[in-house]
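Trainee: Here it is, the structure in full.
The values are calculated or read from the model by the stated rules, or taken from the named source; none is laboratory data. Predicted model only: the values in this text are computed from it and were never measured. Cβ sites come from the backbone with ideal geometry, for glycine too, and all protein chains shown count toward neighbours. Surface areas here come from the heavy atoms of the whole protein model, side chains and all, with no ligands, DNA or RNA. Shrake-Rupley method; radii C 1.70, N 1.55, O 1.52, S 1.80 Å.
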Amino acid sequence: IHPRCRCQIAPAVDDWDAWMREQIDAKRAELAARRMTDDGERTKMARAVQDECGRIDSDFGRVWKDYRATGKSRKGYDETVNAYLSSISDGHVSAEYKAKPKAKEIQAATWLARNGHEVRFKLESSKPGSHNADMLLDGIPYEMKRLGTRSVYKAKVRIGDAARQSENIIVDLSLRTLTDAQEEEVLQAMIAKSDIDVIVALTELLERVFR
């Protein structure tokens, strides 16, 4: 079809306007089907992430009970919590004594470890107003946020909240609630802020660094 042209290039077309509408409708249907396929794949990958996170949550719950059974000693912590973290990361993930990371943080840490990083979870401070990053990534403090919103505005707010704890932020995009274009918009907008130094955009498959 020539753009803005009504020449009869299609054989046996009696009603040109009707034929054009059919072609446009067919193209729209094709694009809609493609979007549904892409959305289906993203949903499938997000569900796999959630299932794995559930297993980690269950496993770590048992490990934490074992630690409590030791009398909460430092030795008991290393033999339970740190032994577990080491076992699922080839020795690249550990935690400060008494630190209790969330399952989603442990999951993200294993992905970072798979990419060659060293991760150490920090003990959360109970002091009001204290700035306490979630973890050390290769010795540098980072706050982690897993995005589970479909709103660009709310995603920016979440990352802004993380910046109050650390100027370096790990943004976990593994739930894939934003489109690729929305993710890029959020990341570019947030890295432009003066209080953010580095953003690591992370999924189970990919790691990107914004400075």
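Trainee: If each of GLU22 and THR43 carries a label point 7 Å out from its Cα toward its Cβ, how far apart are those two points in nm?
Mentor: With each label point 7 Å from Cα toward Cβ, the separation is 3.2 nm.
Trainee: I'd like the antiparallel share, as a percent to the nearest 5, of DSSP beta bridges with both residues in the chain. If you can, show how the numbers build up before the last one.
Mentor: Working: 10 of 22 bridges.
Taking every DSSP beta bridge within the chain, about 45 percent pair in antiparallel fashion.
Trainee: Across the range 70-211, how many lysine pairs separated by 8 or more positions, or lying on different chains, have Cα atoms within less than 18 Å?
Mentor: Total qualifying Lys-Lys pairs in the range 70-211 comes to 21.
Trainee: Here are a few candidate values for semi-axes √(5λ) of the Cα gyration tensor in Å: [x] 48, 20, 13; [y] 34, 17, 14; [z] 33, 26, 19. Which one was actually calculated from the structure I just gave you?
Mentor: [x]
Trainee: Let me ask something else. Give me the 1.4 Å probe accessible area per residue for the range 139-211, excluding ligands and nucleic acids, in Å². Before the final figure, lay out the partial values.
Mentor: On the way: 3520 Å² over 73 residues.
On a per-residue basis, 48 Å².
Trainee: Work out, step by step, the length gained on full extension between VAL152 and ALA189: first 0.36 nm times the residue separation, then minus their alpha carbon distance; give nm to one decimal.
Mentor: Gain in length upon complete extension: 12.3 nm.
Trainee: For GLU79 and ASP138, what does the FRET efficiency come to when R0 = 25 Å and r is the distance between their Cβ atoms, rounded to the nearest 0.05? Don't skip to the answer; put the middle values down first.
Mentor: Values: r = 26 Å, r/R0 = 1.02.
Efficiency computed from Cβ-Cβ geometry: 0.45.
Trainee: Whenever you get a sec, compute what percent of the accessible area on the chain sits on carbon and sulfur atoms (1.4 Å probe).
Mentor: Numbers: 6230 of 12570 Å².
The nonpolar share, carbon plus sulfur, comes to 50 percent.
Trainee: Here's another thing I want to ask about it. Based on DSSP, what percent of beta bridges with both residues in the range 99-205 are antiparallel, to the nearest 5? Before the final figure, lay out each step's value.
Mentor: Working: 6 of 15 bridges.
Approximately 40 percent, going by the DSSP bridge assignments.
Trainee: Sticking with this structure for a sec: With labels modelled as points extended 7 Å from the Cα through the Cβ direction, what inter-label distance (nm, one decimal) is found for ASN115 paired with LYS127?
Mentor: 3.1
Trainee: Multiply the residue gap between ASP66 and THR179 by 0.36 nm, knock off their C-alpha separation, and tell me the result in nm, one decimal place. Walk me through the intermediate numbers first.
Mentor: Values: separation 113, 0.36 × 113 = 40.68 nm, distance 4.10 nm.
Going from the current span to full extension adds 36.6 nm.
Trainee: Once you charge only the Cβ atoms, +1 for Lys and Arg and -1 for Asp and Glu, what is the size of the charge dipole of the chain about its Cα centre, to the nearest 20 debye? Intermediate values should be presented prior to the final figure.
Mentor: Numbers: 36 positive and 35 negative charges, 157 e Å.
In total the dipole reaches around 760 debye.
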